[in-house]
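Participant: Got a structure for you, questions after.
Any read-out appearing in this document is the output of simple, stated calculations on the displayed coordinates, not a laboratory observation. Remember, predicted model here, so these are calculated numbers, not experimental data. Ideal geometry is used to build each Cβ from the backbone, glycine not excepted, and the neighbour counts take in all protein chains shown.
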Amino acid sequence: MLGKMALQEIEEKKDAVIELAKKIWENPEIGYQEVKACKWTAELLEKEGFEVETGYTGVPTALRAVWGSGKPVIGLLGEYDALANMSQTVSTEKEPIVEGGPGHGCGHSLMAPSCVAAAIGLKKEMTERNLKGTIVVYGCPAEEVLTGKVFMARGGAFQDLDIAFSWHPMTTNDLSMGTAAGLNSAKFHFKGVTSHAGGDPYNGRSALDAAELMNVGANFLREHVPDITRIHYAFTEVHGAPNVVPDRASVWYFVRALSRESVVETYNRLIKVAKGAAMMTETEVEVEFMGGCYETMQNKVLLDTVQETISELPLPQWTEEEIKFAEALNKCSANYEKLLNAGVVEKGVQLDNSVHPVTCVNMFGSNDVSEVQHIVPTVNFMTASANLGAAYHSWQITACAGHSIGMKGMLHGANIMAVSALKAIENPKIIENAKKEFNKAMNGRKYECPIPDEIPVP
Ligand SMILES: [Zn+2]
């Protein structure tokens with residue numbers, strides 16, 4: 001069987017990989033602060049004979065690790081950033097380790113270790129069978145702020161690859177050709193003139209008025225943008241009290257759409273709305289561009305390869321204890337009942353244990369794997385690593401990522417990446433066809449980094 005040696009090697013070395021995942025989980029670090037996660041991942045890769053570069057492309061917590069020689073060059077994309085407010089013990093009740101602290105509510109603590117495991121397995125089988133090829137593991141920071149891979153891409157990352165794989169922990173074994181939205185993120189800082197709100201309001205120019213009018217304008221703009229667009233905002237700063245005309249107000253916007261062109265078009269119109277609001281209120285506005293990314297672009301050839309691999313490999317066998325743990329979590333996961341009622345989940349099933357057909361549902365969240373997907377053919381796939389009802393970015397996911405449920409999902413993801421990569425190494429048609437599909441989808445376009453050069457890496 002193809003991949004037998006790789007799978008055996010992953011099994012033999014799984015303790016070191018699980019230990020790495022546990023350490024990252026126990027020390028959650030948010031975007032661009034993944035100093036420990038990056039260091040520990042680098043250490044294990046070095047120990048396994050990979051040549052490691054940290055601070056890759058000028059991003060301090062990014063890493064690139066290489067083994068092998070010649071073509072094909074295959075990338076494995078691993079993340080390790082945590083989310084604010086997602087601190088949680090490994091338990092079935094909401095119980096933060098640190099109140100308000102960060103935690104792995106998206107399970108990224110499993111992602112870099114999964115790539116390390118896949119790479120270790122690939123190295124073993126390629127060495128034993130004398131297969132040519134280069135394996136490149138990336139430690140990708142700050143996915144949650146959707147700019148980690150964007151800054152890496154701006155610094156020239158991923159260009160040398162033939163194809164890339166990205167595995168993400170999820171509640172189901174989910175392979176989708178659907179698109180996740182591209183994004184622009186910007187803060188609009190309004191500056192006015194303060195005065196006594198009762199005594200001499202006529203001398204004041206309210207920055208808050210400007211920000212509110214901008215939001216009104218944006219809410220009217222919604223009707224006149226393509227259906228594939230989303231606009232959302234939050235106030236991040238307002239100076240003052242009711243009796244003081246606020247001279248400072250900031251509002252943070254995300255513009256998302258299922259195509260980069262629509263993001264840029266709507267974003268440029270939003271800037272006009274902000275300028276209009278400033279003009280109406282005789283205030284000033286400064287636009288702070290925070291970053292952006294493309295919409296995702298799955299590669300069907302690679303997705304089919306992964307789907308075939310999933311159907312051939314054994315699925316994780318959940319123990320009684322794991323099912324009970326998931327059942328307790330499902331009881332307090334709002335999604336679970338909805339899935340039951342919709343017939344998506346079979347009654348009594350707590351953890352996904354089947355392979356599903358490839359779906360094609362678009363979603364309006366974003367994922368910066370999109371950048372790599374616009375540079376080389378890349379597949380992003382998900383496998384069950386948490387209770388079925390868990391929502392994205394929830395304490396239930398944090399709990400599962402620290403539990404054996406998450407560890408099993410992680411090793412399953414590693415097995416799939418290793419065997420799928422071996423298929424691509426042994427059958428050049430896969431990479432050839434993946435590239436054909438990629439070139440057709442790009443239709444002559446070249447990747448242009450959404451973040452301009454003058455914006456420094458955070
Ligand atoms: Zn995630």
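Participant: Any idea what log10 I(q)/I(0) is at q = 0.17, 0.21, 0.23 Å⁻¹ for segment 361-427, Debye with uniform C-alpha scatterers and no solvent?
Facilitator: -0.82, -1.06, -1.11
Participant: Further, regarding this structure: Give me D for segment 1-141 in µm² s⁻¹, whole number, from Stokes-Einstein with Rh from the Kirkwood sum over alpha-carbon pairs, 37 °C and 0.692 mPa s. Mind showing how you got there, number by number?
Facilitator: On the way: Rh = 15.6 Å.
The diffusion coefficient I find is 211 µm²/s.
Participant: Provide, as a two-decimal number, the C-alpha radius of gyration of segment 284-358 over 2.2 N^0.38 Å, N being how many residues it has.
Facilitator: Values: Rg = 19.4 Å, N = 75, 2.2 N^0.38 = 11.3 Å.
Normalised Rg, Cα atoms only: 1.71.
Participant: For Phe254, Phe235, what ranking results if the residue with the fewest other Cβ atoms within 10 Å of its Cβ goes first? Display every interim value, and only then the final one.
Facilitator: Numbers: Phe254 20, Phe235 13.
Listing Phe254, Phe235 from fewest to most nearby Cβ atoms yields Phe235, Phe254.
Participant: Another question about this same structure. Past 32 Å, Cα to Cα, is the threshold; run Lys149/Lys272; Lys124/Lys300; Lys191/Lys446; Lys36/Lys423 against it and keep the listed order. All intermediate terms of the calculation are to be shown ahead of the outcome.
Facilitator: Values: Lys149/Lys272 29 Å; Lys124/Lys300 28 Å; Lys191/Lys446 38 Å; Lys36/Lys423 34 Å.
Pairs exceeding 32 Å: Lys191/Lys446; Lys36/Lys423.
Participant: Starting with the fewest neighbours, write out Met1, Met410, Met214, Met126 ranked by other beta-carbon atoms found within 10 Å of each beta-carbon. Please report the intermediate quantities before stating the final value.
Facilitator: Details: Met1 8, Met410 30, Met214 26, Met126 21.
Fewest-to-most Cβ neighbours within 10 Å comes out as Met1, Met126, Met214, Met410.
Participant: Would you please give the residues with an amide H less than 5 Å from that of Ala164, counting only those at least 5 places away or on a separate chain, with H modeled from the backbone geometry?
Facilitator: The answer is Gly75, Thr378, Val379.
Participant: Answer with one residue from Val193, Met214, Leu83: the one whose Cα lies farthest towards the positive end of the charge dipole of the chain, charges on Cβ with Lys, Arg +1 and Asp, Glu -1.
Facilitator: Towards the positive end, the residue furthest out is Met214.
Participant: Counting only helical runs of four or more DSSP H residues, what would the 222 nm mean residue ellipticity of the chain come to if each run contributes -39,500 (n - 2.57) and the total is spread over all its residues?
Facilitator: Details: 14 runs with 180 residues, N = 458.
The helix-only estimate for the chain comes to -12500 deg cm²/dmol at 222 nm.
Participant: Considering only the chain, what is the antiparallel percent among its DSSP beta bridges, to the nearest 5? Could the numbers behind the result be given before it?
Facilitator: On the way: 43 of 64 bridges.
Restricted to the chain, the bridges split so that about 65 percent are antiparallel.
Participant: Something else about it: Any idea what Rg and Dmax come out to for the chain if you just take the C-alpha atoms, in Å?
Facilitator: Final numbers for Rg and Dmax: 23.5, 84 Å.
Participant: Can you pull out the GluC sites (Glu not before Pro) in segment 365-458 whose DSSP state is coil and whose Cβ has at most 13 other Cβ atoms within 10 Å?
Facilitator: Values: sites: Glu371, Glu426, Glu432, Glu437, Glu448, Glu454; in loops: Glu448, Glu454.
In loop regions of segment 365-458 (DSSP not H, G, I, E or B), the sparsely surrounded GluC sites (Glu not before Pro) are Glu448, Glu454.
Participant: Over segment 60-113, how many percent of alpha carbon pairs lie in each 10 Å bin up to the one with the longest distance?
Facilitator: Pairs per bin, as whole percents: 21, 36, 22, 13, 7, 0.
Participant: With all distinct Cα pairs included, what does the Kirkwood hydrodynamic radius of segment 157-284 come out to in Å, to one decimal, could you say? Each step should come with its number before you reach the end.
Facilitator: Values: mean 1/r = 0.0589 Å⁻¹.
Roughly 17.0 Å, rounded to one decimal.
Participant: List the DSSP H helices in the chain whose Cα atoms stretch 20 Å or more along the helix axis and whose mean Kyte-Doolittle hydropathy is at least -0.5.
Facilitator: On the way: long enough: 111-128 (26 Å, 0.43); 207-221 (21 Å, 0.87); 260-281 (32 Å, -0.05); 404-426 (33 Å, 0.76); 428-442 (21 Å, -0.93).
Sorted by number, the helices that extend far enough and score high enough are 111-128, 207-221, 260-281, 404-426.
Participant: Let me ask you something else. To make sure I understand, if each residue's beta carbon is the centre and we count other beta carbons within 10 Å, what order do Asp209, Asp160 fall in, fewest to most? All intermediate terms of the calculation are to be shown ahead of the outcome.
Facilitator: Working: Asp209 20, Asp160 14.
Lowest count first: Asp160, Asp209.
Participant: Say R0 is 45 Å: what FRET efficiency, to the nearest 0.05, do Phe235 and Asn27 get from their beta-carbon distance?
Facilitator: Numbers: r = 32 Å, r/R0 = 0.71.
After rounding to 0.05, the efficiency reads 0.90.
Participant: Can you give me the P(r) profile for segment 7-78? Cα pairs, bins 5 angstrom wide beginning at 0, each as a whole percent.
Facilitator: 3, 14, 22, 26, 21, 10, 5, 1
Participant: Pairs of Cα atoms under 8 Å, at least six residues apart: use those to get the relative contact order of the chain, whole percent. The partial results should precede the final answer.
Facilitator: On the way: 1057 pairs, mean separation 105.0, N = 458.
Taking the mean separation of contacting Cα pairs over the length of the chain, I get 23 percent.
Participant: For segment 107-203, take every pair of Cα atoms, bin their distances at 5 Å starting from 0, and report each bin as a whole percent.
Facilitator: 2, 8, 12, 15, 17, 11, 7, 5, 4, 4, 4, 4, 3, 2, 1, 1, 0
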